[in-house]
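Asker: One structure is given below, represented as structure tokens, and several questions about it will come after.
The values are calculated or read from the model by the stated rules, or taken from the named source; none is laboratory data. These numbers were taken from a predicted model, which means no experiment stands behind them. Using ideal geometry, Cβ is built from the backbone for each residue, glycine included, and neighbour counts are taken over all protein chains shown. Accessible surface is based on the protein model in full, side chains and every heavy atom, while ligands, DNA and RNA are left aside. Shrake-Rupley method; radii C 1.70, N 1.55, O 1.52, S 1.80 Å.
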Amino acid sequence: MTSDQQTSEMILSARNICLSRDGNRLLASVSLDIRRGSITFLLGYNGAGKTLLLSCLHGLLELDSGTVNAPPRDRQKMVFQKPIIMRRTAAGHLRFVCPGVAEAELADWMKRAGIQDRMSVPARTLSGGEQQKLALIGALATKPDILFLDEPTAHLDFAAIKFVEDMIREAYAAGTTIVMTTHNRSQAERLGQDVLFLDGGRLVEAAPAAIFFKTPRHALTRQYLEHL
């Protein structure tokens, strides 16, 4: 395979990302590649730097050094563990984050999320699960090239988790690249194709999911999986 072919298969490449705050190194020379049309899980202990890395890849944080080569920001979306919800009705929030998307299509997304009867209420009065659904459909309705998800199913009930996972599978089938954090091993094994493991702000291991979970190479990875 030529280097041009290899590059064309990658939707995002990061090289030597470093990030510090108040003299503390939070990300240390992280380099990675994300395959186009893949589902990649970013795993690690709390404080490992997963959310920071997602934010850097999405272009939300200024790097100390390093580079990120990714699609234009208008072709990316990110959904946070605590979603960002506008001071509008649920329908108004969706219209704001999905400019140009037809009203009928937005209504269909609300129906699929099971919140069609909540369209006229203030979005911030929705339950946590409803807000996460609203944030997710707001991201998916724009059909992004790459979608970053920061623990999107944390603290959700079974029905909401199933909805989120179904939407991830559907977006993947439509060609969207997914990069996602989780502390749920079974979820990562169900959905993941590639896995990146962070420890202390360093990328310790990167491997296909089948290899990562069955025959991890690094001792830190094996230790982590024993407690995940």
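Asker: How long is the gain from S65 to K111 if the chain were fully straight, where each residue apart is worth 0.36 nm and the alpha carbon distance is subtracted? Kindly include the intermediate steps, with their values, before the conclusion.
Answerer: Details: separation 46, 0.36 × 46 = 16.56 nm, distance 4.41 nm.
Stretched fully, the S65-K111 segment lengthens by 12.2 nm.
Asker: What does the helix-only formula give at 222 nm for the chain: each DSSP H stretch with n ≥ 4 adding -39500 (n - 2.57), the total divided by the residues, and the result rounded to the nearest 500 deg cm²/dmol?
Answerer: Values: 9 runs with 83 residues, N = 228.
Mean residue ellipticity, 222 nm, calculated: -10500 deg cm²/dmol.
Asker: What is the range 109-169 by shape, rounded, prolate or oblate, if you read a ≥ b ≥ c off the alpha carbon gyration tensor as root eigenvalues and call it rounded for a/c under 1.5, prolate for a/b larger than b/c, and oblate otherwise? Numbers along the way, then the final one.
Answerer: Working: a/c = 1.64, a/b = 1.24, b/c = 1.32.
Cα axes put the range 109-169 in the oblate bin.
Asker: From the phi angles alone, apply the Karplus equation (6.51, -1.76, 1.60; θ = phi - 60°) to the range 141-147 and give each ³J(HN,Hα) in whole Hz, x where the residue is Gly or Pro.
Answerer: Along the range 141-147, the couplings run 4, 8, 6, x, 6, 9, 10 Hz.
Asker: GNM on the chain, C-alpha springs below 10 Å: top fluctuator among K77, K111, K133?
Answerer: Evaluated over the chain, the most mobile residue of the options is K111.
Asker: Tell me the label-point distance for the pair S120, C18, using the 7 Å Cα-to-Cβ offset, in nm and rounded to one decimal.
Answerer: Once both label points are built, they end up 5.7 nm from each other.
Asker: What is the dipole size for the chain, taken about its Cα centre, with +1 at each Lys and Arg Cβ and -1 at each Asp and Glu Cβ, in debye to the nearest 20?
Answerer: Numbers: 27 positive and 24 negative charges, 57 e Å.
Once rounded to the nearest 20, the dipole reads 280 debye.
Asker: Then there is this: Which FRET efficiency, nearest 0.05, do Q223 and R75 yield, Cβ-Cβ r, R0 41 Å?
Answerer: On the way: r = 37 Å, r/R0 = 0.91.
Plugging the Cβ-Cβ distance into 1/(1 + (r/R0)^6) gives 0.65.
Asker: Sticking with this one: For the range 78-110 and the range 146-189, what is the separation of their C-alpha centers, rounded to whole Å?
Answerer: 18 Å
Asker: Quick one: compute the contact order of the range 59-158, relative version, from alpha carbon pairs under 8 angstrom and 6+ residues apart, as a percent.
Answerer: Working: 110 pairs, mean separation 44.0, N = 100.
The normalised contact order for the range 59-158 reaches 44 percent.
Asker: What nm distance separates the two modelled labels at R190 and F96, each placed 7 Å from Cα along Cα→Cβ?
Answerer: That separation, rounded to one decimal, is 3.2 nm.
Asker: So, for the chain, what is the accessible surface per residue at a probe of 1.4 Å, expressed in square angstrom? Mind dumping the intermediate values first?
Answerer: Working: 11240 Å² over 228 residues.
That works out to 49 Å² per residue.
Asker: Springs between alpha-carbon atoms under 10 Å, Gaussian network over the chain: tell me which of V68, V179, V101 tops the mean-square fluctuations.
Answerer: V101
Asker: Rounded to the nearest 0.05, what FRET efficiency do R169 and R35 give with R0 = 25 Å and r taken as the Cβ-Cβ distance? Could you check?
Answerer: Working: r = 17 Å, r/R0 = 0.67.
Efficiency, from the Cβ-Cβ distance: 0.90.
Asker: May I pose another question? Counting Lys and Arg as +1 and Asp and Glu as -1, what is the net charge of the other residues whose Cβ lies under 10 Å from the Cβ of M86? It would help to have the intermediate numbers written out before the result.
Answerer: Working: positive: R87, R88, R95, R124; negative: none.
So the surrounding residues net to +4.
Asker: Using 0.36 nm per residue of separation minus the Cα-Cα distance, give me the extension gain between H183 and E103 in nm, one decimal.
Answerer: On the way: separation 80, 0.36 × 80 = 28.80 nm, distance 3.58 nm.
Result for the pair: 25.2 nm of gain on full extension.
Asker: Go ahead and set up a Gaussian network model of the chain, Cα springs under 10 Å, then flag whichever of F96, F212, F41 fluctuates most.
Answerer: Residue with maximal mean-square fluctuation among F96, F212, F41: F96.
Asker: While we're looking at this one, here's another question. Please report the carbon-and-sulfur percent of the accessible area for the range 1-158; probe 1.4 Å, protein heavy atoms only, DNA, RNA and ligands left out.
Answerer: Working: 3970 of 7990 Å².
Its accessible area is 50 percent carbon and sulfur atoms.
Asker: V79's amide H: which non-local residues (gap 5+, or another chain) put their own amide H closer than 5 Å, with H modeled 1.01 Å from N in plane and none for Pro or chain starts?
Answerer: Here the answer is F148, L149, D150, since their amide H atoms fall under 5 Å of that of V79.
Asker: Got a sec to turn the phi values of the range 181-196 into Karplus ³J(HN,Hα) couplings, 6.51 cos²θ - 1.76 cosθ + 1.60 with θ = phi - 60°, whole Hz, x for Gly and Pro?
Answerer: Taking θ as phi minus 60°, the curve returns 9, 6, 10, 9, 4, 5, 5, 5, 6, 5, 9, x, 10, 10, 9, 10 Hz for the range 181-196.
Asker: Around G37, which amide H atoms from residues at least 5 apart in sequence, or from another chain, sit under 5 Å from its own amide H, with H modelled in the peptide plane?
Answerer: T177
Asker: So, one more: Work through the residues other than E170 whose Cβ is under 12 Å from its Cβ and net out their charges, Lys, Arg +1 and Asp, Glu -1.
Answerer: On the way: positive: R112, K143, R169; negative: E165, D166.
Net charge around E170: +1.
Asker: Whose amide H sits under 5 Å from the amide H of T89, counting only residues 5 or more places off or on another chain, with H placed in the peptide plane?
Answerer: Sorted by chain and number, the residues that satisfy this are A123.
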